[in-house]
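See below for the structure under consideration.
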Amino acid sequence: MSQTQIIIMDSDEQRLDFFESMFKRDGYDVLGVPDVTALLAHLEKKPVAAILLEYSALLINDREAIIRIFRQYDHNNIFVYNLPDDANKRLAFYELGARRVFDLASPLKEIYFALREPLRNFTSEWTDNELISAGDLQEQPLKNMLATISREERSGILRLFSNQIAGKIYFRQGFATHARVGLHTGERALMHMLFWPEGTFRFTSQIKFNETYTVGISHVGLLIAAEHIRKQFAAHLAALGSLQATVKVQYLGDLLQSGLDIQPEFIDLLKRPAEIKTLLENPFYTNFETVERLHLMLKNGYLNVFETGKKKSSEAATPHPVSPKVAEHSADPDDARALIQLFGLEENARDYSIPVLSADGQSAMRFVQTAVDSPEEINRGRLNLDANRHCLLEALAINEQIIDDVEARKEHLIGFVYVVDPAVESRLDYTRYIIGKMTQLYPVPFVILFSEMDQTAVDEMKLKLNMPVEQTTVQATLTNKEQVMQALRAMRLPEEEKEDETSVANDEVMPDA
């Protein structure tokens, strides 16, 4: 057995013969196994290029043994095919760790061509050990390199050099596993390097890997989170002036007693005037955290900012805490009555939570902004229904933290709004997974809103999302208040599927027939 071998668990000889004839042209050996026991016995010897699991063959094997394959073997190279057209089963396999899932409508030839490039990149790890590329970050930003390395599923080390410091990112099959720059590691180090505007890079493919795993976020999740941080960074920097601005601490004694989350060692750096640009590589905070802390000090009256002869300091004589802004708006009486009736809201004085989710968070923010008539872009808006009942609309990006974000709101959760726009294409599978996952975890009313798409594009997107015909959907322009409120009023519980006793009993992590 070798890294050029593909194991297939399938009882159909014709399918096995097809895959063997096709993959043999690419230099692979195809091994067919009858059951999970034989499969696991082979996997204990040496690594293989990929595992293909035929759905009906899974059903006749032990559930725990199937799950063991996903948990113990490199799930980035497990593929499932001939799956029934069932969104829940598809999501369950992705949750287990399948790399790709093909349904019955996918011809064998289509499956073969879909696997060729990932397999080629995977097996090249054992042979490549040469310099892949080098250049300037100005011409090839890290964001673009992450996308290329992920798409081509490369393994190796990416070294980055700024004018002041160097960092490393380790990749395995396109996934970042470990990152370090200065004293920062993991996602924080990755984010820090994403903000480097200039420098050089060198990528070298690698056979041996650093077995330290500090990065748990996917490439897509990383870029979504980075975009959110980038907007915060820009807003904080705008308040401070620019990277060329000079800052200095004021009211030092009060600051140290204020309880603000700022390390004393970082404050020491600000006892003398310092240019923001030179502070970005301090050992205590990443560059985006540095700007965030400086902005926090400015808002609370503890920082002087000087730029081109102008002094910019907090107008407040006494420091005061700053709360996240929540725009408020009283709903139209008809809308208020409709929403109170729709959700069956009690008369208790409380906030009810309606997360608004979109692929990158931007469309969700526009939805919230329009719903509460805010003149500026916001993440949260309170829709007052009457003196006691309020709906808190919160814009969230569909990223790796979204499940935890919603979990924190579950006590007040009454519904969801999913905004689908063209940006969803870049993370379609994950969006589909999250919609299905949230529907399973939280049986509350929801609506899927299509924005910036014509009817043809909407119909195509519904197919890509595997949406049932009866799913509650609307089309709306996010700047149109009436259409946004119509979307809220259109929220409904999902149609309950008729299930027999067998399917209900088997509704666990691994899907059954």
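The values are calculated or read from the model by the stated rules, or taken from the named source; none is laboratory data. Since the structure is predicted, the reported quantities are computational estimates derived from the model, not experimental observations. Using ideal geometry, Cβ is built from the backbone for each residue, glycine included, and neighbour counts are taken over all protein chains shown. Just so you know, the surface numbers come from the protein's heavy atoms only, side chains and all, with ligands and any DNA or RNA stripped out. Shrake-Rupley method; radii C 1.70, N 1.55, O 1.52, S 1.80 Å.
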Response to the item:
Residues of region 385-400 being under 10 Å from the mean Cα position of the chain (by Cα) and either under 17 Å from LEU413 (Cα atoms) or of a type in the set (A, V, I, L, M, F, W, C) (or both), in sequence order, are ALA397, ILE398
Discussion item. Given (1) in a helix (DSSP H, G or I); (2) in contact (Cβ under 8 Å) with a residue 60 or more places away in the chain, identify the lone condition not met by GLN244.
Written reply: (1)
Worksheet, complete the sentence: By my count, strands (runs of 3 or more DSSP E) wholly in region 348-433 with at least 1 residues that are without any contact (Cβ under 8 Å) to a residue 40 or more places away in the chain and closer than 21 Å to GLU482 by Cβ are 389-397
Worksheet, complete the sentence: When region 337-388 is checked residue by residue, the ones that are surrounded by fewer than 20 Cβ atoms within 10 Å (Cβ to Cβ), aliphatic (A, V, I, L, M) and in contact with a strand residue (DSSP E or B) (Cβ under 9 Å, 6 or more places away or on another chain) are ILE340, LEU342, LEU345, ALA349, ILE378
Discussion item. I'd like to verify a number: residues in region 151-174 that are under 21 Å from VAL220 (Cα atoms), of a type in the set (A, V, I, L, M, F, W, C) and surrounded by fewer than 19 Cβ atoms within 10 Å (Cβ to Cβ), how many?
Written reply: 1
Practice prompt. Count, please, the residues in region 67-80 that happen to be at pLDDT 80 or above and farther than 17 Å from ARG172 by Cα.
Written response: 2
Worksheet item: Of all residues in region 112-137, which are modelled with pLDDT of 75 or more, exposed (fewer than 14 other Cβ atoms within 10 Å of the Cβ) and farther than 24 Å from VAL80 by Cβ?
Response: GLY135, ASP136
Worksheet entry | Residue list for region 143-161, filter: over 20 Å from the mean Cα position of the chain (by Cα), basic (Lys, Arg) and at pLDDT below 85 | ARG154
Practice prompt. Kindly indicate the residue of region 256-294 that is part of a helix (DSSP H, G or I) and of a type in the set (A, V, I, L, M) and also surrounded by the most Cβ atoms within 10 Å (Cβ to Cβ) among those meeting that condition.
Written response: LEU294
Worksheet entry | VAL406 in contact with a strand residue (DSSP E or B) (Cβ under 9 Å, 6 or more places away or on another chain) and either open to solvent by 20 Å² or more (accessible area, probe 1.4 Å) or not hydrophobic (A, V, I, L, M, F, W, C) (or both) | no
Worksheet item: Going by the conditions given, is THR439 at pLDDT below 90, surrounded by 17 or more Cβ atoms within 10 Å (Cβ to Cβ) and in contact with a Pro (Cβ under 6 Å, 6 or more places away or on another chain)?
Response: yes
